[in-house]
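In what follows, a structure is listed as structure tokens, so that the remarks can point back to it.
Coordinate-derived values only; no laboratory data. Note that the coordinates shown come from a computational prediction; the quantities given were computed from them, not determined experimentally. Here the Cβ positions follow ideal geometry from the backbone for every residue, glycine too, while neighbour counts run over all protein chains shown.
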């Protein structure tokens, strides 16, 4: 389809000239209209023009409405244009057939002008809302992916920095791959793509110990097994990056050999993706022409002879021939690339620092324990904190474990949004960091829970004073950003050895003390007393369907309650419903999808990723007449007009199935609630 299409509001497809003229007269008062007399002509028209709505006659000679509808839905460029069927048959069986076909609505002939105007107006309004939502989703997806890519490139820089002898390796491989692709006649976009794959090809080495990467002598068989894991690790890190087509192939297979003797899978010949075969040559060339700890770089004539010798065994013979030609013509990597490493990548992707969400996650999952940092607060994560505290306790040392939790933190996200929620978490992390000493341990467990271990300190009065100091610093920080008393800190404290001698025991008892605080006013700290028991207080739920029903049924003309929701899309949806229901009483099914977790605390970034996936799942699953948007940080609302409870549950199942089909995480759960609302004008 051409990039720039002429736009009109309505395309009318009807073989009856009188019906076409009548439709043009009724609709033409408010919208731009074009009419054609056959299904084939409608398809030809769609090649050059994009309407916001199609009115399609059901019974036509030649290509009838059913076949025309099938052709429209088969074409991805047209499939989302809403179609209203024109028919003289209003039987329930026929109506059902229309919706099975994928029609958004139907209009019975002879036309009633007010009915036609009303239904067309509503459908075009829905079309605009849906297009706007899809556009925002696409923009957000691209932004999130770019942020992830920035972090990944930062990881690539981190890998190169592990070994002074390979500094700048990634950018040299990228430049070499880029030049081979140009010789193959690839497009500008394809050349740019292979360059990015080259930058990221060794990202999996984040999971290989430095002692192996920097070993000056021959690797043992066990060490080589560790090295051979890096392609698989790299492909796992990059599996959700769609901005670079083929990136996982290039990373996963760049150590395969043309003769099938490579790793990790022993692929051979053209079973190895082309991008990986290119990366393999560029990678080998840089290894040959760089100084290594165990040898000096090879002279140019030796490099050429190695590629001649290995063509057809290690390397694709055709690509090797092209590369030998490049070398004979004087190809070399610019010196500035060797000196400056990935400076070009940093500038191109605007990498600000190495503390991005994905970077910290990858360092935590694949890097050494000392780099196991929480992505948001830069404190140590739970795994590191638990291990460090257990090491202190194993030495027979005393101390105090503080389990801290933000009171009513979900209200912060729901009222002020995720950005403010993240800022509040960072403020608490900063307050904790200001009060710990070098011998102490502080970490974020996940969500809004933090642990501090005051090593060698069991003086209750002193510990309580330090805890209150953290609370005071945090409270002042909240006032400084204008949040006042939106949240506070509660803390439970367990002492070693009195209350336990391992992390798990101390944590369990501190948790019971924290529960006591939660049940008795919050915003305080308490020591474990040996009799405290019970489960943690349940955190308050987000706004639910009862509140939504109150808004929609009783206060459609008032903003009270509505604008507590920090997502402007809900205001648009509310505005649409206000206008829609004033025309006549309608039955509305309201679905509220809620994200949760299976008994574990998850980072906000995990929920944000899941919410983005839920938005996409909803966009793909809903009918043209349905609308949906975010309602809170963990909730998504869908409004189904003129449908029953059974159909509402079918829509909900479709959304949930699509969500689990495309969501790559494992800890997040998705549930829904549904209510029927009869909204009167």
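Quick notes on this structure:
- Cut-off 15 Å, label 7 Å out along Cα→Cβ of residue 481, residues of segment 428-442 by amide N: 428-433
- For segment 372-527: span of alpha carbons on each principal axis (Å, largest first): 45, 34, 22
- A full extension of the chain between residue 667 and residue 226 corresponds to an added length of 155.9 nm, given 0.36 nm per residue minus the alpha carbon distance.
- Sites residue 30 and residue 313 - FRET efficiency at Förster radius 51 Å, r taken between beta-carbons, to 0.05: 0.10
- The label-point distance for residue 472 and residue 438, in a model that sets each label 7 Å from Cα toward Cβ, rounds to 2.7 nm.
- Computed label-point distance, nm, for sites residue 93 and residue 261 using a 7 Å Cα→Cβ extension: 7.2
- Annotation: extensible slack from residue 398 through residue 649 equals 84.7 nm (criterion: 0.36 nm per residue apart, minus Cα-Cα distance).
- Protection proxy ranking for 638-650, 444-456, using the average of other Cβ atoms within 10 Å per residue and placing the highest first: 444-456, 638-650.
- Extension gain for residue 660 to residue 271 (0.36 nm times residue separation, less C-alpha to C-alpha distance): 137.0 nm.
- Pairwise centroid distance, computed over Cα atoms, of segment 187-259 with segment 457-499, Å: 45
- Between residue 305 and residue 8, the simple label model (points 7 Å from Cα in the Cβ direction) yields a spacing of 7.4 nm.
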